[in-house]
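One structure below.
The values are calculated or read from the model by the stated rules, or taken from the named source; none is laboratory data. All of these numbers come straight from a predicted model, not from anything done at the bench. When we count neighbours, we look across all protein chains shown, and the Cβ atoms used for this are built from the backbone with ideal geometry, even at glycine. Surface areas here come from the heavy atoms of the whole protein model, side chains and all, with no ligands, DNA or RNA. Shrake-Rupley method; radii C 1.70, N 1.55, O 1.52, S 1.80 Å.
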Amino acid sequence: MTVTYRLTNLSSSLLCFPPPSVDCYSVDGELAATATPPKGVVGPRTGRGCAADRWMDRDVGYDIEQNWIKLGPLQSYAITQESHAIGLTAPGRWKIQAGYVPVREDAQSRYQDALKERGCSSVPELHSPNVTISVKEKSAK
């Protein structure tokens with residue numbers, strides 16, 4: 001299933017964060033969605049995971065300037081990518097929830113001074129409300 005994740009800055013400050021991984025635990029943060037199957041249906045396996053570490057010998061100010069996403073008030077960041085954590089495999093009402101887990105604290109601590117110098121705030125952990133998707137049985141032709 002292809003999923004579009006959109007983060008919109010509803011604050012009045014500049015938000016800065018590295019491009020997050022999708023469906024893959026990473027020190028840079030992760031965007032992921034999960035699907036809860038209808039009663040009596042075995043859901044898709046999740047937890048593929050990976051652990052991609054940042055290039056820590058790079059100058060953190062340069063890294064923020066060149067690679068991080070910067071969102072001013074009311075600006076959005078969107079990424080569309082295939083999700084390996086969602087597989088709507090059976091008919092019924094599926095509950096979908098998406099979330100963002102930010103940069104790991106031990107990695108973010110190296111960036112604190114550089115973020116402050118640039119007037120950046122970091123993005124907190126976020127979770128969407130549940131969305132229900134009805135999957136219909138495939139009709140025979």
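Here are the numbers for this structure:
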| read-out | value |
| --- | --- |
| Region 97-141: number of residues that are of a type in the set (A, V, I, L, M, F, W, C) and within 14 Å of the chain's Cα centre (by Cα) | 5 |
| Looking only at region 101-113, and only at residues there that are open to solvent by less than 50 Å² (accessible area, probe 1.4 Å) and in a helix (DSSP H, G or I), the one that is nearest to I64 (Cα to Cα) | Y111 |
| One residue from K116, K70 being part of a strand (DSSP E or B), among the basic types (K, R) and either surrounded by 12 or more Cβ atoms within 10 Å (Cβ to Cβ) or modelled with pLDDT of 90 or more (or both) | K70 |
| Those residues of region 73-118 which are under 30 Å from V135 (Cα atoms) and among the polar types (S, T, N, Q), in sequence order | S76, T80, Q81, S83, T89, Q97 |
| Filter result (in a loop (DSSP other than H, G, I, E, B) and open to solvent by 70 Å² or more (accessible area, probe 1.4 Å)) within region 119-141 | P124, E125, P129, N130, K136, E137, K138, S139, A140, K141 |
